[in-house]
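> Have a look at this one.
The values are calculated or read from the model by the stated rules, or taken from the named source; none is laboratory data. None of the values given here were measured: they were computed from a predicted structure. Backbone-built Cβ (ideal geometry, glycine too); neighbour counts: all protein chains shown. To get the accessible areas, we keep the full protein, side chains included, count just its heavy atoms, and leave off ligands, DNA and RNA. Shrake-Rupley method; radii C 1.70, N 1.55, O 1.52, S 1.80 Å.
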Amino acid sequence: RERKPIEFFRRYLNTLYTGPIELLVKYGIGLEPHLQNCLMEFKRGMPTRLIVRDIDGVNVEKDILSHSIGLSHYHFYPRTWMLMKKRSFSIYRLFHAVVMSHTAALIEFFVNEYRMDEKFLWRNARAILVTVIDRAMAGLPKKRQVIGEDTRRYFLSPAIQRKCLLRMKLRGTEKFIF
């Protein structure tokens, strides 16, 4: 059976969004799965699994992870938690990787290759994001849904901050400049 491009597009985004968003919302683990950091597995021509191959940029929110799996019996490097950044950093980084980088490139391809309407594709991406975030929050106690609500608010806001890599490079800093 020949599949329509929109079926592939929707399956790809659902596969891309599900793991990283669930890790963030349920466990407080923020990944950075942009195009350079991950691979997509395909079966019968359709995306089935996201493989994140570089976790150097992972950020973990200790309180959320502790509530999810309990940390008392694990031994960590003493400064581990001092190196972790705020929740907003994980949300921003995930958004930048999966939406601004990965999804934008996918949409550009579909617009150019299949002459699909860009706004239509972004509406589909938004709907898939909402579904994946809601699914990740389902069943969590109300007090643990906060990170999902923060993620949804940031991912769906009409305007976002973008880091300015060129300005950072010119100033010789690794600190984000927006």
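> Has region 124-144 got at least one residue that is under 16 Å from SER90 (Cα atoms) and surrounded by fewer than 16 Cβ atoms within 10 Å (Cβ to Cβ)?
No, that holds for no residue.
> Looking only at region 48-68, which residues are outside any strand (DSSP E or B), touching a residue at least 24 places away in the same chain (Cβ under 8 Å) and of a type outside the set (Val, Ile, Thr)? Don't jump to the end; show me each part of the working.
Taking region 48-68 first, the residues outside any strand (DSSP E or B) are 53-58, 61-68.
If we keep only those that are touching a residue at least 24 places away in the same chain (Cβ under 8 Å) too, we end up with 55, 57-58, 61-65, 67-68.
Correct list: GLY57, GLU61, LYS62, ASP63, LEU65, HIS67, SER68.
> Another question about this same structure. Identify all residues within region 80-103 that are modelled with pLDDT of 70 or more and open to solvent by 100 Å² or more (accessible area, probe 1.4 Å); write none if there are none. Before the answer, list the steps.
Looking only at region 80-103, we keep the residues that are modelled with pLDDT of 70 or more, and these are 85-103.
Scanning region 80-103 gives LYS85, LYS86.
> What are the residues in region 1-43 that are among the polar types (S, T, N, Q) and under 21 Å from THR151 (Cβ atoms), if any?
ASN14, THR15, THR18, ASN37
> Filtering region 48-60 down to residues that are modelled with pLDDT of 90 or more and surrounded by 14 or more Cβ atoms within 10 Å (Cβ to Cβ), which residue is farthest from ARG93 (Cα to Cα)?
Initial filter on region 48-60 (modelled with pLDDT of 90 or more): 48-52.
Now drop any that are not surrounded by 14 or more Cβ atoms within 10 Å (Cβ to Cβ), which leaves 50, 52.
On the way: LEU50: 17, VAL52: 14 Å.
The qualifying residue farthest from ARG93 (Cα to Cα) is LEU50.
> If you don't mind, another one. Just one of (1) closer than 17 Å to PHE95 by Cβ; (2) touching a Pro at 6+ places or on another chain (Cβ under 9 Å) trips up THR18, so point out which.
Result: THR18 passes all but (2).
> Testing TYR12 on (1) among the aromatic types (Phe, Trp, Tyr); (2) modelled with pLDDT under 95; (3) touching a strand residue (DSSP E or B) at 6+ places or on another chain (Cβ under 6 Å), one condition comes back false. Which one is that?
All conditions are met except number (2).
> Name, by its number, the condition in (1) open to solvent by less than 30 Å² (accessible area, probe 1.4 Å); (2) modelled with pLDDT under 95; (3) more than 18 Å from the chain's Cα centre (by Cα) that does not hold for PHE110.
Failed condition: (2).
> Separate question: Would you list the helices (runs of 4 or more DSSP H) that sit entirely within region 115-178 and hold 2 or more residues that are at pLDDT below 90 and under 18 Å from the mean Cα position of the chain (by Cα)? Let's see the steps before the verdict.
Working: elements: 118-137, 146-156, 165-171.
Qualifying helices (runs of 4 or more DSSP H): 146-156.
> Anything in region 12-47 that is assigned to a helix (DSSP H, G or I), buried (at least 17 other Cβ atoms within 10 Å of the Cβ) and of a type outside the set (Ser, Thr, Tyr)? List them, or say none.
Here is the first cut: in region 12-47, the residues assigned to a helix (DSSP H, G or I) are 12-27.
With buried (at least 17 other Cβ atoms within 10 Å of the Cβ) added as a condition, the list becomes 12-13, 15-27.
Hits for region 12-47 are LEU13, LEU16, GLY19, PRO20, ILE21, GLU22, LEU23, LEU24, VAL25, LYS26.
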